[in-house]
Amino acid sequence: MKSTGIVRKVDELGRIVLPIELRRTLDIEEKDSLEIYMDGPSIVLKKFQPACIFCDGEKDIVAFRGKNVCPRCLREMESLFQK
């Protein structure tokens, strides 16, 4: 892991502020979702990217009945019903 040298305190509500420099570098914008992971004693934040429930693909995801599906899996499902 690479240290940024940035230290932030947790406020009384458990929040921290991500510095603008990091948000710009990582393309994190206001209202973006972040995933929270634990790696031993460390907390890892990752920008959330929705993935297909079938193949875990992350490109061109569409929501279908509340589930994320990629175009390739959608085409495969359509072909099952066309037979």
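The values are calculated or read from the model by the stated rules, or taken from the named source; none is laboratory data. Please read all numbers here as calculations on a predicted model, not as lab measurements. Quick reminder, even Gly has a Cβ in these numbers, built from the backbone with ideal geometry, and neighbours come from all protein chains shown. With ligands, DNA and RNA removed, areas are computed over all heavy atoms of the protein, side chains included. Shrake-Rupley method; radii C 1.70, N 1.55, O 1.52, S 1.80 Å.
Please go through the range 54-67 and give me each residue that is open to solvent by 90 Å² or more (accessible area, probe 1.4 Å) and in contact with a helix residue (DSSP H, G or I) (Cβ under 9 Å, 6 or more places away or on another chain), ordered by number.
Correct list: Phe54, Lys59, Asp60, Phe64.
What tally of residues in the range 21-43 results from selecting those that are under 18 Å from Gly5 (Cβ atoms) and either part of a helix (DSSP H, G or I) or open to solvent by less than 90 Å² (accessible area, probe 1.4 Å) (or both)?
Looking only at that region, the number is 6.
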